[in-house]
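In what follows, a single structure is set out as structure tokens and then discussed.
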Amino acid sequence: MSQMSEIARRRTFAIISHPDAGKTTLTEKLLLYGGALHLAGSVSARKSMRSTASDWMELEKKRGISISSTVLQFGYHNYQINLLDTPGHKDFSEDTYRVLTAVDAAIMVIDAGKGIESQTLKLFEVCRQRNVPIFTFMNKLDRPTRDLLELIDQVEEELQIHVYPMNWPLGTGGSFRGVFDRQSRDIHLFERTAHGSYIAPVRVKDLTDPSIRDQLDQVAYERFSEELEMLDMAGAALERQSVLSGDTTPVFFGSAVNNFGVQLLLDAFLEYAPPPAARRTRSQVLVPPQQDKFSGFIFKIQSNMDPRHRDKVAFLKVCSGRFTRDMQVVHQPSGKKVRLANSHKLFAQDREVVEEAYPGDIVGLVGHWDFNIGDTLTEDPEIIYNEIPRFPPECFAFISNPNPAKSKPFRKGMDHLLHEGIVQTLILRNSARRETLLSAVGPLQFEVLQYRLQSEYGVESQLEKTIWMAMRWISDYAPTAQDWDSLRLPTDSALAQDAQGQDVILFPSQWALDYFAKEHPQLKLHRIPLEPSVNKA
Ligand code: G4P
């Protein structure tokens, strides 16, 4: 197959949702349709799948949440699918953000009984910043839902995105009978299956078929006809370009747990979602995926994925050219040449050696201790991709080792886990404190750090939460020591430096931050760190 056709058949995406909306269930069903999982079915199989395929860390099993993201790669018809699993807990973590920098599209799952929830909104915004095309799956139609037109309006208003319902449900809750496909004008009838024990049969009938009327009572049928009429009046046909630019989200209705509507979603998603796009370098050049020379970037690092071998996996997203095992590439920013020998395809914990990969694919590189998140690997030394965006931390804590006899493994564990970017470190100015100050986007990141220090390095740690809850980077200011002293920070605020040596201020409240910003208009306060080039200027 040519390079062009390999690229054209790749779809790299993530599923985003508020916890409990049905992300795990939908992931499982997509794997089922993709033939990558034959287990999906009984509750027990589902639980075991949870622990073997999508989630693999002990802590996740214990808490019933998904913390670390993994990659699920499988073929479906002629497509090669790379599904990047994002953590699904109620706290936010940087890991989630980073994974979303590596996708070309996203499926947003919404519980139709609840509508948009806080986490959906945050994740959506991250996708929106990169204009990633978003597909919406309204889940749990087998349960009572909110008014469907109101749900659609809520998405349009709160997310400021145009909505195009691809299908429309015939009834909801106990009287949910199926969906009407607005493109083909077919009715797909729903048959409840035992927790999705097999691929649900889908019967297709014409809308004029009198038996459709028999599916719904008079009130539900009239409602359905009215809603459909309103939708038809409201919108023209779906424009793919508007989906690709992230301006329109195609919406699908269904019930993941019952397998209903999943195949319709998958088929349309694969048709409308884009293959891997060109990626921008730091010098603002767009590198097209079909370019001859291989390039890619590291978006995630994970230590000790296989607890038997203390190894480190760097997840590489291929952006251009063709990856082949053993190839020699330039590691940016060090400029060193490295051989990529130990390359794997990962399916949760399982690994398989990868001989070649194409744009859109994710390759797990094992054993490269000097790779960092955001690094570029390329055959073309001109290519250095933009840094992976960082995010404003909202949680701060000191961590220390309570057991001096364990200082060596403690330091080693901290080194490894900080390298993964589980949390960030800060250095306080004017402070005699010796403990390491950590920052995170969500408090669960601290919990994961402590848990992994214990389980992977056998060391206890002590965490002391602080009163700070916001941090800002400062620019346009080259302060002397006296300047800093005369800044007059609000009570309980502090000056610090991040790991890259950039100056930051920590605030105990939004009020303190706003007050300080007003008092010091000469300072520019930034929610995220400055790009290195900007900082130098
Ligand atoms: P998440 O990953 O987004 O957190 O959600 P997850 O798939 O774990 O689903 C959360 C709960 O919602 C699960 O129930 C799941 O079975 C249920 N669910 C998912 N899709 C549907 C649907 O279409 N209809 C209905 N009625 N329920 C759905 P649970 O009781 O937490 O787990 P389990 O005992 O069913 O495994």
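I need the shape label for region 395-536. Rule: rounded when a/c is under 1.5, else prolate if a/b > b/c, else oblate, with a, b, c from the alpha carbon gyration tensor. It is prolate, given that a/c is not under 1.5 and a/b is the larger ratio.
Could you check how much of the accessible area of region 395-536 is carbon and sulfur, as a whole percent, using a 1.4 Å probe? Walk me through the intermediate numbers first.
On the way: 3740 of 7480 Å².
Summing carbon and sulfur atoms, their accessible area is 50 percent of the total for region 395-536.
Collect residues whose amide H, placed 1.01 Å from N in the peptide plane, falls under 5 Å from the amide H of LEU216; neighbours closer than 5 in sequence don't count. For LEU216, whose amide H was placed from the backbone, there are no distant partners under 5 Å. Projecting the Cα positions of GLN328, ALA357, ALA341 onto the charge dipole of region 279-378 (unit charges on Cβ atoms of Lys, Arg, Asp and Glu, taken about the Cα centre) puts GLN328 furthest along the positive direction. Taking a probe of 1.4 angstrom, what is the accessible area of HIS416 in Å², to the nearest 10? Its heavy atoms expose roughly 30 Å² to the probe.
Beta carbons within 10 angstrom, averaged per residue: use that to sort the peptides 165-173, 393-401, 179-187, highest first. Please report the intermediate quantities before stating the final value.
Working: 165-173: 22.2, 393-401: 19.8, 179-187: 17.3.
Answer by packing, highest mean first, reads 165-173, 393-401, 179-187.
Roughly how many Å is it from the Cα centre of region 321-374 to that of region 106-120, as a whole number? Centre-to-centre (Cα) distance: 34 Å. Quote the FRET efficiency, to the nearest 0.05, computed for THR425 versus GLN183 with a Förster distance R0 of 56 Å and r equal to the Cβ-Cβ distance. Working from the Cβ atoms, E equals 0.60. Residues in region 248-257 carry Karplus couplings, in order, of 10, 10, x, 10, 10, 10, x, 9, 4, 5 Hz; the curve used is 6.51 cos²θ - 1.76 cosθ + 1.60 with θ = phi - 60°, and Gly or Pro positions show x. Annotation: VAL132 carries an accessible surface of approximately 10 Å², with a 1.4 Å probe and no ligand, DNA or RNA atoms counted.
At the residue level, THR436 shows approximately 50 square angstrom of accessible surface with a 1.4 angstrom probe and all protein chains present. Whole-Hz Karplus values for region 273-284 come out as 6, x, x, x, 9, 5, 10, 8, 8, 4, 8, 6 Hz, taken residue by residue from phi with 6.51 cos²θ - 1.76 cosθ + 1.60 and θ = phi - 60°; glycine and proline positions read x.
Do any of LYS23/LYS317; LYS29/LYS140; LYS312/LYS345; LYS336/LYS412; LYS300/LYS336; LYS312/LYS412 go past 18 Å between their Cα atoms, and which? Don't skip to the end; give the middle numbers.
On the way: LYS23/LYS317 23 Å; LYS29/LYS140 14 Å; LYS312/LYS345 14 Å; LYS336/LYS412 25 Å; LYS300/LYS336 20 Å; LYS312/LYS412 13 Å.
Beyond 18 Å: LYS23/LYS317; LYS336/LYS412; LYS300/LYS336.
Our coupling estimate for region 292-304, obtained by passing each phi through the Karplus curve with A = 6.51, B = -1.76, C = 1.60 and θ = phi - 60°, is 4, 7, 5, 8, x, 9, 8, 10, 7, 10, 9, 8, 6 Hz, Gly and Pro reported as x.
The values are calculated or read from the model by the stated rules, or taken from the named source; none is laboratory data. Computed from a prediction, not measured in an experiment: that's the story for all the values here. Glycine also receives a Cβ, built like all others from the backbone with ideal geometry; neighbour counts cover every protein chain displayed. Accessible surface is based on the protein model in full, side chains and every heavy atom, while ligands, DNA and RNA are left aside. Shrake-Rupley method; radii C 1.70, N 1.55, O 1.52, S 1.80 Å.
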